[in-house]
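Single-structure report; data block below.
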Amino acid sequence: MTVTNQSLIEMLRERWWRKVKEHQLEKTEIVIKARPLTPTEAIGKPAREDYPLLKGKEVMIEADIKGCKGQAFTDEPLNFTGKLNSIYTLPLKNNGNRALLVATINATYNLLGLVQNTRHCKDNGPEECGKELAKYLVEKHGKNIRVGMIGYQPAIVYHLSKSFTKFRVSDMDPENIGKKRNNIVIETYLNNDDIIEWSDIILATGTTIINNTINRILMKAYGKEIYFYGVTIAAAAYEFKLNRLCFKSLS
């Protein structure tokens, strides 16, 4: 997509709102309930125990519109009950508000039949997704490429580390930074620019739209193949034709 000075989430909000008005949803008595999910609700019981959801570092919130669900990761979970026009006017000043908006947009697009798979996979799903993701990238790009990953996810890191010898990972969690995971030292997110420049392809968490780093990543990765993983990015990937890899997410 073309990179602009306007933030991706602001552009997404305007595109979403046009669809809301087109379907006259802003005038209906739709109530959005966004609440933090428990780790078991969000991810079930995976074999690995170092997922951010299980460590309490991040929380999955879920918006429900007429039974259609949309989720988003955030480190600032907020509860909310209201109508779509209240979500539209939320100031996008923090991760909590941005997550409420994104979860709501994902739920809206699910309601309209535009986007499926807007709920996180559970139990063995993350492991299976990591395996399929690594297989997909190897089949498409071969094993000799340099892969940069922005946002630590244990199953994906494990399977990519087995498939690629040229592999770097960054994260925002101080408990991960500097630690070795599957013989890969997790770098600080402050190295993202260097990782992107070094890489042939980039794999980034969809949570970058929540923490407001996605625009810089897209700008620095311009001209390179970039993939986003996870449910948070679902509607944005649809709107802006971003590559989204999320093999085991639920509808």
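Quick notes
- Any strands (runs of 3 or more DSSP E) falling wholly within the stretch 170-248 and containing at least 3 residues that are closer than 26 Å to Arg13 by Cβ: 201-205, 225-229, 243-245
- Residue tally, condition at pLDDT 65 or above, in contact with a strand residue (DSSP E or B) (Cβ under 8 Å, 6 or more places away or on another chain) and buried (at least 16 other Cβ atoms within 10 Å of the Cβ), over the stretch 12-41: 2
- Out of Val138, Val102, one residue alone is farther than 24 Å from Tyr189 by Cβ, assigned to a helix (DSSP H, G or I) and in contact with a helix residue (DSSP H, G or I) (Cβ under 7 Å, 6 or more places away or on another chain). It is Val138.
- For the stretch 147-156, the criterion of being within 21 Å of Lys248 (Cα to Cα), among the small types (Gly, Ala, Ser), part of a loop (DSSP other than H, G, I, E, B) and at pLDDT 95 or above is met by at least one residue.
- Condition broken by Glu132, with the remaining ones in (1) part of a helix (DSSP H, G or I); (2) within 30 Å of Thr81 (Cβ to Cβ) satisfied: (2)
- Some residue of the stretch 137-146 being within 30 Å of Lys19 (Cβ to Cβ) and in contact (Cβ under 8 Å) with a residue 24 or more places away in the chain: no
- Boolean, Met172 is of a type outside the set (Gly, Ala, Ser), at pLDDT below 95 and under 26 Å from Asp75 (Cβ atoms): yes
- Which listed residue, of Val157, Val102, Val138, is more than 19 Å from Ala237 (Cβ to Cβ) and touching a strand residue (DSSP E or B) at 6+ places or on another chain (Cβ under 6 Å): Val157
A quick yes/no check of all residues on (1) surrounded by 14 or more Cβ atoms within 10 Å (Cβ to Cβ); (2) on the phi > 0 side of the Ramachandran plot; (3) not small (Gly, Ala, Ser):
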| residue | (1), (2), (3) |
| --- | --- |
| Val102 | yes, no, yes |
| Gly113 | no, yes, no |
| Tyr152 | yes, no, yes |
| Ser161 | yes, no, no |
| Asn192 | yes, no, yes |
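- For the stretch 67-81, a residue qualifies if it is surrounded by fewer than 16 Cβ atoms within 10 Å (Cβ to Cβ) and modelled with pLDDT under 90, and the qualifying residues are Asn79, Thr81.
- All conditions in (1) under 24 Å from Asp64 (Cβ atoms); (2) assigned by TED's automatic domain parsing to the domain that holds Gly206 hold for Leu90, with the sole exception of (2).
- Only listed residue being touching a strand residue (DSSP E or B) at 6+ places or on another chain (Cβ under 8 Å) and buried (at least 22 other Cβ atoms within 10 Å of the Cβ), chosen from Ile202, Ile209: Ile202
The values are calculated or read from the model by the stated rules, or taken from the named source; none is laboratory data. In this text the structure is predicted, and so the values were computed from the model without any measurement. Neighbour counts run over all protein chains shown; Cβ positions are idealised from the backbone, glycine included.
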